């Protein structure tokens, strides 16, 4: 018996969430991402795509192509909320699922056809997600992850496709080779140089030729083109690290500003640890200079989620790392080696400070992450807000391709 794998993808997820909040954005070209000229498009509506705009494009170029577009910075906290809502619906009904990003899922429904019918089950699940979240979502159903993912792309926007077992190759044959997962721009150009533009051509090529040109990747591409993919659906795994970064609109050497933003980022991440009932045992600081040279420094610490323990370590690492005294383009903080648990007080520590953390966290839960913050971090205008323990990676909008 063949497998039954569903790939689900929330259509233009960031844009769809913004339209739920503000219906005036409906049917208008929308761009989400960094709003400065150095920003990048994280997501765009179908209306904007008709002007040639796509994700990962410089925002300056996107605004030139589509000057009437509405440009939004985005709200990662709201996106995480809706992503969690959809995840909970899927988790409630599907025994085995894999969340690969904030808006993308694989479901293994193998064996469920004897009880419900996998296609009927997937259709009803999609209808429930649309009804309860208000978000458009598409899915592809086939015997493996590759064909299902490609089918989802063909189903969009807001639709569904089933590829019956045995029809994978005819379905894939007329499509562009760029539809194959892992075929990026460079590989696509190489294939075009070989005269290969349709998946059918790859299907007809000897696998040895693909291996000769692309190495081991060529074998994988050939198998995917022929609808062969035995990759399992990997069960949901909790995050093992959280991080945040800040890329400056203008490179800076202002040490007070850098330390202030570093403090604010560390304070926000420590709060996220406590909110997720997590502790960290490894702190990493990252600096990228204006010449794009990037340096990191890390330190092991006793498991903690306390500001007065972690933030001094972050600032110490930053001072040790920042030694070139040239313009800085990016700074970042990362906490890793995460474990479940609450901070254990030292016998010689003041218990009042933990009561203070609890009070501050309650205010943040009600009024927002930056409702209470250290005075030394006030120069940081905005720090990413998200729940890093939903199963999705931190939505750093400038780096997402959605």
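Computed from label points 7 Å out along Cα-Cβ, the spacing between residue 282 and residue 193 is 3.8 nm. Obtain the nm distance between the two label points defined at residue 159 and residue 64 by a simple spin-label model: each point lies 7 Å from its Cα along the Cα-to-C-beta direction. Those two pseudo-labels are separated by 3.4 nm. Measuring r between the beta carbons of residue 203 and residue 316 and using R0 = 60 Å, the FRET efficiency lands at 0.55. Taking 0.36 nm per residue of separation and subtracting the current Cα-Cα distance, fully stretching the chain between residue 130 and residue 234 would add 35.0 nm.
Put in line by how crowded their Cβ is, counting other Cβ atoms within 10 Å and starting with the fewest, 245, 124 read 124, 245. Projection of the Cα convex hull of the range 106-190, averaged over all directions and equal to a quarter of that hull's surface, yields 6.5 nm². Taking 0.36 nm per residue of separation and subtracting the current Cα-Cα distance, fully stretching the chain between residue 255 and residue 167 would add 25.6 nm. Shape of the range 225-269 from the C-alpha gyration tensor: oblate (a/c of 1.5 or more and a/b not above b/c, with a ≥ b ≥ c the square roots of its eigenvalues). Under the simplified labelling scheme, the residue 35-residue 299 pair shows an inter-label distance of 3.7 nm, with each label point 7 Å from Cα along Cα→Cβ.
Length gained on full extension, residue 327 to residue 21, computed as 0.36 nm times the residue gap minus the Cα-Cα distance: 106.3 nm. Neighbour counts of C-beta atoms inside 10 Å place 262, 205, 61, 210 in the sequence 61, 205, 210, 262, starting with the fewest. Computed on the range 59-121, with alpha-carbon pairs under 8 angstrom and 6+ residues apart, the relative contact order is 17 percent.
Descending by average beta-carbon neighbour count within 10 Å, the peptides 49-60, 309-320 line up as 309-320, 49-60, the highest first. Once Rh for the range 155-245 is found with the Kirkwood sum over Cα pairs, what is the Stokes-Einstein diffusion coefficient at 25 °C and 0.890 mPa s, in µm²/s? For these conditions, the coefficient is 163 µm²/s. Its Cα gyration tensor gives the range 262-302 an equivalent ellipsoid. The semi-axes, each the square root of 5 times an eigenvalue, are 24, 13, 7 Å from largest down.
No value in this document is a laboratory result; all are computed from the given coordinates. Everything numeric here is computed off the predicted structure, so don't read it as measured data. All Cβ positions, glycine included, derive from the backbone under ideal geometry; neighbour counts span all protein chains shown.
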